[in-house]
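The values are calculated or read from the model by the stated rules, or taken from the named source; none is laboratory data. Small disclaimer: the values here were computed from a predicted structure and weren't measured. Cβ atoms come from the backbone with ideal geometry, glycine included; neighbour counts cover every protein chain shown.
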Amino acid sequence: MTRGDRGQVLAFYAVLLPIVLLPLAAYAVDVAFVSARAAGLQEATAQAAETAAQQLNVDALRSRSELIVDAQAAADVASRAMSDSEPEATVESVIVVGSMVTISTREVIRLPFNFLPASATVIHARASARLVGGYDSPSSLLPLPTNTF
């Protein structure tokens, strides 16, 4: 190794570092950001489903003694709950079948570093909740929701 060859490895790493490690770090930050937003969207969707499942159809309860969910009230409550907890998210669908409510949501996320060709990504979440009868003792039959992710 001659005296003029010294420092070439240092120059090589000085060029290689920004080309390889900085994009990798930007990608890691983008992935962590999207993952955190997806978890937040899933939590908000589950809470909206539980709230929507509490919307009892009073007419069906009085006339047929059935515990079923009021579909229109459930859709309204789910939309309000999502706009309160996740303002950027939209409710794609609220499906009510008897006492079961299933909510699908989506959110468009702008990536912080915009390193990839796409500057945004779309995440989806879905949650279900069911209206069930209350306790046998004491003698109250309050509807309580249960959820499934």
Condition check for E92: farther than 10 Å from A49 by Cα, crowded, with 19+ Cβ neighbours inside 10 Å, among the acidic types (D, E) and modelled with pLDDT of 95 or more: no
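Where residues in region 95-111 are touching a residue at least 12 places away in the same chain (Cβ under 8 Å) and more than 18 Å from I123 (Cβ to Cβ), which of them is surrounded by the most Cβ atoms within 10 Å (Cβ to Cβ)? Break it down stepwise before answering.
Within region 95-111, the first condition is being touching a residue at least 12 places away in the same chain (Cβ under 8 Å), and the residues that meet it are 96, 98-109, 111.
Of the ones still in play, those that are also more than 18 Å from I123 (Cβ to Cβ) are 96, 98-101.
On the way: V96: 23, G98: 13, S99: 20, M100: 17, V101: 30.
Looking at residues that are touching a residue at least 12 places away in the same chain (Cβ under 8 Å) and more than 18 Å from I123 (Cβ to Cβ), I get V101.
Listed here are the residues, each with its yes/no results for (1) of a type in the set (F, W, Y); (2) modelled with pLDDT of 85 or more; (3) at positive phi.
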| site | (1), (2), (3) |
| --- | --- |
| E107 | no, yes, no |
| L111 | no, yes, no |
| F115 | yes, no, no |
| H124 | no, yes, no |
| L131 | no, yes, no |
| G134 | no, no, no |
| P138 | no, no, no |
| F149 | yes, no, no |
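This table checks each residue for (1) surrounded by 12 or more Cβ atoms within 10 Å (Cβ to Cβ); (2) touching a Phe, Trp or Tyr at 6+ places or on another chain (Cβ under 7 Å); (3) in contact (Cβ under 8 Å) with a residue 12 or more places away in the chain.
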{"residue": "Y13", "(1), (2), (3)": "no, no, no"}
{"residue": "I19", "(1), (2), (3)": "no, no, no"}
{"residue": "P23", "(1), (2), (3)": "yes, yes, yes"}
{"residue": "A49", "(1), (2), (3)": "yes, no, yes"}
{"residue": "N57", "(1), (2), (3)": "yes, no, yes"}
{"residue": "D70", "(1), (2), (3)": "yes, no, yes"}
Hey, among S119, S35, which residue is surrounded by fewer than 18 Cβ atoms within 10 Å (Cβ to Cβ), of a type in the set (S, T, Y), over 30 Å from G133 (Cβ atoms) and modelled with pLDDT of 90 or more? S35
Given the conditions (1) touching a residue at least 12 places away in the same chain (Cβ under 8 Å); (2) surrounded by 12 or more Cβ atoms within 10 Å (Cβ to Cβ), report the number of the one that L61 does not fulfil. (1)
Spot the failing condition for A44; the list is (1) part of a strand (DSSP E or B); (2) closer than 18 Å to V122 by Cβ, and only one is missed. (1)
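So if I check each of A74, A14, which one is farther than 23 Å from R110 by Cα, among the aliphatic types (A, V, I, L, M) and under 22 Å from the mean Cα position of the chain (by Cα)? Steps first, please.
Values: A14 fails: under 22 Å from the mean Cα position of the chain (by Cα).
Going through A74, A14 in turn, just one is farther than 23 Å from R110 by Cα, among the aliphatic types (A, V, I, L, M) and under 22 Å from the mean Cα position of the chain (by Cα): A74.
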